[in-house]
2 protein chains.
Amino acid sequence: MTTRLAIVGLGKIARDQHLPAIGQCDAFALAATVDPVGTGLDGAAHFPDLSALLDSDTSVDAVAVCSPPQLRYGLAKQALEAGKHVLLEKPPCATLSEARTLIDIAEDRGCTLFAAWHSRFAAGVAPARNWLQGKAITSVSIDWREDVRVWHPGQAWIFEAGGFGVFDPAINALSIATAILPRPLMVLGGELEVPSNRAAPIAGHLDMQDSAGVPVRMVMDFLKEGPQSWDIVVNTDAGKLVLSEGGRVLETPAGRQEGEDREYAGIYAAFADAIAASRSDTDLAPLRLVADAFMRAGSTPAAEFHE
Amino acid sequence: MTTRLAIVGLGKIARDQHLPAIGQCDAFALAATVDPVGTGLDGAAHFPDLSALLDSDTSVDAVAVCSPPQLRYGLAKQALEAGKHVLLEKPPCATLSEARTLIDIAEDRGCTLFAAWHSRFAAGVAPARNWLQGKAITSVSIDWREDVRVWHPGQAWIFEAGGFGVFDPAINALSIATAILPRPLMVLGGELEVPSNRAAPIAGHLDMQDSAGVPVRMVMDFLKEGPQSWDIVVNTDAGKLVLSEGGRVLETPAGRQEGEDREYAGIYAAFADAIAASRSDTDLAPLRLVADAFMRAGSTPAAEFHE
């Protein structure tokens, strides 16, 4: 059965990634879009806000929440309470408490809540997890540097409180690390650099460890020009694993493999599976590490940021 | 059966609160103390570190971890892995991820892990929760102001990263609020004031709401001279509830009641019950709200703090 879907928040990520993936997924049909700006798309009803959609004659079964994270809780709560299944873009909410409340509501209403960690669907992630099984890991190094001006034009919310700053990309690294490493991670400390005219960090590093004491260090930079890096290196007793290009390319002593970018196709296939099985999928580990980082790491003022 | 207990971290809170409570509780006998400084107490073996205790002939069944929060995870992990029951002073760990890892280890080892939220055992807390049941709450106001120089002399760790700053007392307010209010709380925003020579906030406010949208505002000040305030006011359709003196005094339209300070007696009675029932008691809601506050609230530089 086809699930009639509404996209709430028709911004960059919705247009770049969600719409093409939905178009190629038989399980979903785009029935509506919701955004205060614009007039929507051909072939789908458009509404300025979610209440207008829910009050209308347009029927939807599920809602994909692609609005900035500060707005996700309120929209998801409204959708769940109207009996809709909900997909949350990453990070699923602005706080852990919001996410936990949504989990309770979804359970109470019998709806599927799906926290979409798109990087976990990158081509190299599942093979990386498999290759690491049974190997003794000695250290992990995460290098996540991109140019915010290139990848997030006009997205001022990223540097507002609750917008996550450089953790908006770096939480992708954490979503991969928590998926491929065999033991849970913990934040020991670090330093976050916050532009003096903004509320969220633009660079920094985190010192983490897993529960066996293996060191995991992450370096983040949102001002990287030139070659970008989205790399995770895992050193083991059987040699080095390198997951690069955000998880798309995997190199181990056994060789190199790369796949095409099918992250959002993977998300929607998994969302369809979760709906069909009447279950939720809401791992909060990456968001928990970010909250821990804000609580545990130091903060240093950095130069003003102007886009 | 008497549980043989070791106190790890023989600092202010251990001496002021834990020792008297243990002395009055039949369920526990103090068998050992652990601290790198000093020579301990008459009647209990003393060790400079936990490893020395665990390697010794002194047998203990349980460990109360009273060290600064930055050290709690490592000590608790070591104790649990040695098969000891563990009580954690508040906040239970420096991060949520540490606390969750300990929960897993305790379950794996069949040990009791007990997160001690002492303010929840204040005399007015249980009656406050009971009085609020079934009433329509319209707003909550938390006012938590104390003089760090009076209450935390020499405790420099409080203003280091992971030391929580003003949240060291304010997490007590959150432990009460999450115990007496009927619905979960979420952080919407706020502002934290961080001294320019320290890593943790010294004052600030948080705007929260519960899952029904009831506003909950908390004001925190660690530099309050003169009268101190540890007050929670809950406005309802049946009048105002005021819980003051950190939960010891309760006033409602039905009257005023106050009890003596028996918080740590309550903690050790509950810890004994949990051990007897072979279960853990590890509510992380107060710590989650603090992590959410660090992630969601803004940060403002404040004047240098010198003790």
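We did not get these values from a lab; they are worked out from the coordinates using the rules stated. Everything quoted here is computed from the prediction, not taken from an experiment. When we count neighbours, we look across all protein chains shown, and the Cβ atoms used for this are built from the backbone with ideal geometry, even at glycine.
Label point of B:Asn197 (7 Å along Cα→beta-carbon): distances to the other copies' equivalent points are 3.1 nm, sorted ascending.
With contacts taken as Cα pairs under 8 Å at a separation of at least 6 residues, region B:150-301 carries a relative contact order of 25 percent. For chain A, set up a Gaussian network in which alpha carbons nearer than 10 Å are linked by springs, and say which option among A:Ala293, A:Ala170, A:Ala270 fluctuates the most. Per the Cα network of chain A with a 10 Å cutoff, A:Ala270 tops the list. Expressed as an acute angle from 0 to 90° and rounded to the nearest 10, what is the orientation of the C-alpha long axis of helix B:263-276 relative to the principal long axis of chain B? Its long axis makes an angle of about 60 degrees. Measure nothing but the geometry: give the 0 to 90° angle between the long axis through the Cα atoms of A:285-296 and the longest principal axis through the Cα atoms of chain A, rounded to 10°. Computed tilt is about 60 degrees.
For region B:200-307, run through the trypsin sites (Lys or Arg not before Pro) and keep only the ones in DSSP coil with at most 14 other Cβ atoms within 10 Å of their Cβ.
Working: sites: B:Arg217, B:Lys224, B:Lys240, B:Arg248, B:Arg256, B:Arg262, B:Arg279, B:Arg288, B:Arg296; in loops: B:Lys224, B:Arg248, B:Arg262, B:Arg279.
Answer in residue order: B:Arg279.
A Gaussian network model of chain A, with springs between Cα atoms under 10 Å, assigns the largest mean-square fluctuation among A:Ile137, A:Ile158, A:Ile202 to A:Ile137. Each Lys and Arg contributes +1 and each Asp and Glu -1, all at the Cβ; summed about the Cα centre of the protein assembly as shown, the dipole is approximately 640 debye. For region A:3-116, the alpha carbon convex hull comes to 91 Å³ per residue, rounded to a whole number.
Calculated from DSSP H runs of 4 or more alone, at -39500 (n - 2.57) each and per residue, what is the 222 nm mean residue ellipticity of the protein assembly as shown, nearest 500? Rounded to the nearest 500, it is -8500 deg cm²/dmol. Each of A:Gln133, A:Ala179, A:Phe121 was placed along the dipole of region A:117-201 (beta-carbon charges, centred on the mean Cα), and the one lying farthest toward the positive end is A:Gln133. Just name one of A:Val249, A:Asn235, A:Met295: the one whose Cα is farthest towards the positive end of the charge dipole of region A:187-307 (beta-carbon charges, Lys/Arg +1, Asp/Glu -1). Of the options given, the answer is A:Met295.
Here region A:182-199 and region B:172-197 have alpha carbon centers that stand 21 Å from each other.
Nearest 20 debye, what's the magnitude of the dipole of region A:3-116 about its Cα centre given +1 on Lys and Arg Cβ and -1 on Asp and Glu Cβ? It would help to have the intermediate numbers written out before the result.
On the way: 9 positive and 14 negative charges, 57 e Å.
Dipole size: approximately 280 debye.
Note on region B:68-144 and region A:80-156: Cα centroid distance 27 Å, given to the nearest whole angstrom.
For the options B:Ala297, B:Ala136, B:Ala122, a Gaussian network treatment of chain B with springs between C-alpha atoms closer than 10 Å singles out B:Ala136 as fluctuating the most.
For region B:244-262, backbone nitrogen atoms closer than 11 Å to the point 7 Å from B:Gln24 Cα along Cα-to-C-beta are found at B:260-262. Please report the spacing between the Cα centers of region A:253-305 and region A:13-67 in Å, no decimals. Spelled out, the Cα-based centre of one part sits 23 Å from the other. Counting every C-alpha pair in region A:116-175, the share spaced more than 20 angstrom apart comes to 42%. Sites listed here are GluC sites (Glu not before Pro) in region B:186-259 whose DSSP assignment is loop and whose Cβ has at most 12 other Cβ atoms within 10 Å: B:Glu225. Listed by Cβ neighbour count within 10 Å, with the fewest neighbours leading, B:Ser139, B:Ser59, A:Ser229, B:Ser175 appear as B:Ser59, B:Ser139, A:Ser229, B:Ser175.
Calculated FRET efficiency, B:Gln257 and B:Arg149, Cβ-Cβ r, R0 35 Å, to nearest 0.05? Spell out each step's value before the answer.
Values: r = 32 Å, r/R0 = 0.91.
E between B:Gln257 and B:Arg149, to the nearest 0.05, is 0.65.
Computed from the C-beta positions of B:Ala156 and B:Arg183, the FRET efficiency with R₀ = 30 Å rounds to 0.20.
About its Cα centre, what dipole magnitude does region B:57-206 give when the only charges are +1 on Lys and Arg Cβ and -1 on Asp and Glu Cβ, stated in debye to the nearest 20? Provide the component values of the computation, followed by the final result.
Values: 13 positive and 15 negative charges, 91 e Å.
With only Lys, Arg, Asp and Glu charged at Cβ, the dipole is about 440 debye.
On the principal axes of its alpha-carbon atoms, the protein assembly as shown has extents of 78, 65, 48 Å, going from largest to smallest.
Taking every pair of Cα atoms in chain A, average 1/r, invert it to obtain the Kirkwood radius, and report Rg/Rh to two decimals.
Numbers: Rg = 19.4 Å, Rh = 20.0 Å.
The Rg/Rh ratio comes out at 0.97.
Expressed to the nearest 5 percent, the antiparallel share of DSSP beta bridges inside the protein assembly as shown is 55 percent. Take B:Arg149, push a point 7 Å out from Cα through the beta-carbon direction, and compare it with the same point in every other copy: 4.8 nm, smallest first.
The angle separating the long axis of helix B:167-180 from the principal Cα axis of greatest extent in chain B is about 70 degrees.
Do you know the relative contact order of region A:3-116, to the nearest whole percent, from alpha carbon pairs under 8 angstrom that are 6+ apart? It would help to have the intermediate numbers written out before the result.
Values: 210 pairs, mean separation 26.3, N = 114.
About 23 percent, as a whole number.
Counting only lysines at least 8 places from B:Lys135 when in the same chain, those with an alpha carbon closer than 16 Å to its own are B:Lys240.
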